[in-house]
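Right, one structure below, let's go through it.
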Amino acid sequence: MPKMRFSKIRIYEFKDLIGNKKQPKTLQDRGPKLADLLENRDYLDAFRSFLQSEFSAENIEFWLACREYKRTTSSGKLCNKAADIYKEFLHPMAQKEVNIDHHTHEKIKRSLVKPDLTCFDEAEMHIYRLMEEDSCPRFLKSEAYQNLRNAARNPV
């Protein structure tokens, strides 16, 4: 029985801690979002350099390649661009291989037979979330970001 009492106390304490957790309320408290950074050329360049310093530039390069791919209007070019993206970022021997799950990788590989504008969407969203949750918070704490923000007339 003492074990149950201990568990009840711990659950109660845990609930109390969760209830009192303060969340930032404004965008300024959290800093800019990744989407804000990617829309500004200076911040995008600084973020890309930051990712290069962390040996993860393939993520932003893949994301940008996917964005460019979606602007393709010719179905003939679509096939070539899809194959190029696969070769550069998804092929097992690619020098800039991005880290996506096997299921998504195989789904993209199958779609290359007749690619459409959405064939990279799942991988693109995965890489975006990875940058948003992992790389971006570190970038916002970096000296490069702080210097750029201080020098900017209209910080993001």
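The residues neighbouring Gln95, those whose beta-carbon lies less than 15 Å from its own, together hold a net charge of -3 under the Lys/Arg +1, Asp/Glu -1 convention. The HN-Hα couplings worked out from phi for region 92-98 by the Karplus form 6.51 cos²θ - 1.76 cosθ + 1.60 (θ = phi - 60°) are x, 9, 5, 6, 10, 4, 8 Hz, whole numbers, x standing for Gly and Pro.
Treating r as the C-beta distance of Asp42 and Gln95 and R0 as 35 Å, the FRET efficiency rounds to 0.80. Taking 0.36 nm per residue of sequence separation and removing the Cα-Cα distance, the Thr72/Ala144 pair yields an extension gain of 22.6 nm. Model label points for Leu112 and Ala151, set 7 angstrom from Cα along the Cα-to-Cβ axis, are 4.0 nm apart.
Near the amide H of Gly31, within less than 5 Å, lie no amide hydrogens of residues on another chain or at least 5 residues away, with H placed in the peptide plane.
State which entries of Lys87/Lys141; Lys87/Lys107; Lys33/Lys109; Lys33/Lys107; Lys33/Lys81 exceed 22 angstrom in Cα-Cα distance in the structure shown.
Beyond 22 Å between Cα atoms: Lys87/Lys141; Lys33/Lys109; Lys33/Lys107; Lys33/Lys81.
For every other residue with a beta carbon closer than 11 angstrom to the beta carbon of Ser75, add +1 if it is Lys or Arg and -1 if Asp or Glu, then tell me the sum.
On the way: positive: Lys77, Lys81, Lys114; negative: Asp116.
Overall, the nearby charge balance is +2.
Taking the highest mean first, how do the peptides 140-150, 122-132 order by number of other beta carbon atoms within 10 angstrom per residue?
122-132, 140-150
Solvent-free Debye calculation, one equal scatterer per alpha-carbon of region 32-156: log10 I(q)/I(0) at 0.09, 0.13, 0.18 Å⁻¹ equals -0.28, -0.55, -0.93.
Ordered from largest to smallest accessible area (heavy atoms of protein chains, 1.4 Å probe), the residues Phe120, Phe55 come out as Phe55, Phe120.
The values are calculated or read from the model by the stated rules, or taken from the named source; none is laboratory data. What you see is a predicted model; the values in this text were computed from it and never measured. Positions of Cβ are generated from backbone atoms using ideal geometry, with glycine treated the same way; all protein chains shown enter the neighbour counts. For the accessible areas, the whole protein counts, side chains as well, though only heavy atoms, and no ligand, DNA or RNA atoms are used. Shrake-Rupley method; radii C 1.70, N 1.55, O 1.52, S 1.80 Å.
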